[in-house]
Amino acid sequence: MTQVRGLAKAARLPHLARMSAPSAPRTHTAAPWRNALIVIVPVVVASIVGSAVTVPQIPGWYAGLAKPVFNPPNWVFGPVWTLLFAMMAYAVYRILRLPAVTPGRVRALAVYHVQLALNLLWSCVFFGLNSPVGGILVIVPLLALILTTIAQFRLLDRLSAGLLWPYAAWVSFATLLNVSIWWLNK
């Protein structure tokens, strides 16, 4: 009988019943948001810091460089990098959602994050230090690590690997552009 009165009282004060009720087991709905933050924050940081280093150099140092005829207009870079960063974030999000015990997951995530750090380092070296030759020394390993990331992701999720191919293509083009700028300005 006391249980019935307790239930009746809880029904009249639903906020107290919710507070005192044992917590339900955690569902997986929180993990996607946590994973999204884990994925988005490094990409956004790389994008913001890279832009902060790059943008001030465009009207001065970069404008004064001799560039090859295939150099795209400056306005192309922002939309392309935005799309590539979004695709990278979604690709790594898919990998991060795999169970933590998935063989190769930790390695794939590690390679991905190292290449992301090199991506940021390239902006700091090429634009921040005004060094095309330094940019070459960073972008070649960056391209190798992007290809390694694709190979690692492919073992886990083909769509994630596929999402990185445009990034690899763009960095391949950027490598050619970087080498050409170095050659024309040495």
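The values are calculated or read from the model by the stated rules, or taken from the named source; none is laboratory data. The shown structure was predicted, so the numbers you read here are calculated from the model rather than taken from an experiment. Cβ placement follows ideal geometry from the backbone for every residue including glycine, while neighbour counts extend to all protein chains displayed. Note: areas computed on protein heavy atoms with side chains; ligands, DNA, RNA excluded. Shrake-Rupley method; radii C 1.70, N 1.55, O 1.52, S 1.80 Å.
Remarks
- Just one of (1) in contact (Cβ under 8 Å) with a residue 12 or more places away in the chain; (2) exposed (fewer than 15 other Cβ atoms within 10 Å of the Cβ) fails for residue 151. It is (1).
- Residues satisfying the stated conditions in the range 123-143, i.e. open to solvent by less than 50 Å² (accessible area, probe 1.4 Å), under 30 Å from residue 94 (Cα atoms) and free of Cβ contacts under 8 Å to residues at least 40 places away in the same chain: 138, 139, 142, 143
- Taking the criterion of being polar (S, T, N, Q) and out of contact with any Leu (no Cβ under 7 Å at 6 or more places or on another chain), the residues of the range 49-85 that qualify are 51, 54, 57, 74, 82.
- Residue within the range 33-49 that is over 24 Å from residue 172 (Cβ atoms), charged (D, E, K, R) and not in a helix (DSSP H, G or I) present: no
- Residues in the range 52-80 that are free of Cβ contacts under 8 Å to residues at least 60 places away in the same chain and closer than 24 Å to residue 164 by Cβ: 72, 76, 77, 78, 79.
Per-residue answers, yes or no, for (1) in contact with a Pro (Cβ under 7 Å, 6 or more places away or on another chain); (2) open to solvent by less than 40 Å² (accessible area, probe 1.4 Å); (3) hydroxyl-bearing (Ser, Thr, Tyr); (4) modelled with pLDDT of 95 or more:
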position: 37; (1), (2), (3), (4): no, no, no, no
position: 45; (1), (2), (3), (4): no, no, no, no
position: 79; (1), (2), (3), (4): no, no, no, yes
position: 100; (1), (2), (3), (4): no, no, no, no
position: 108; (1), (2), (3), (4): no, yes, no, yes
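- Any hit, the range 97-109, residues being in contact (Cβ under 8 Å) with a residue 60 or more places away in the chain and in a helix (DSSP H, G or I): no
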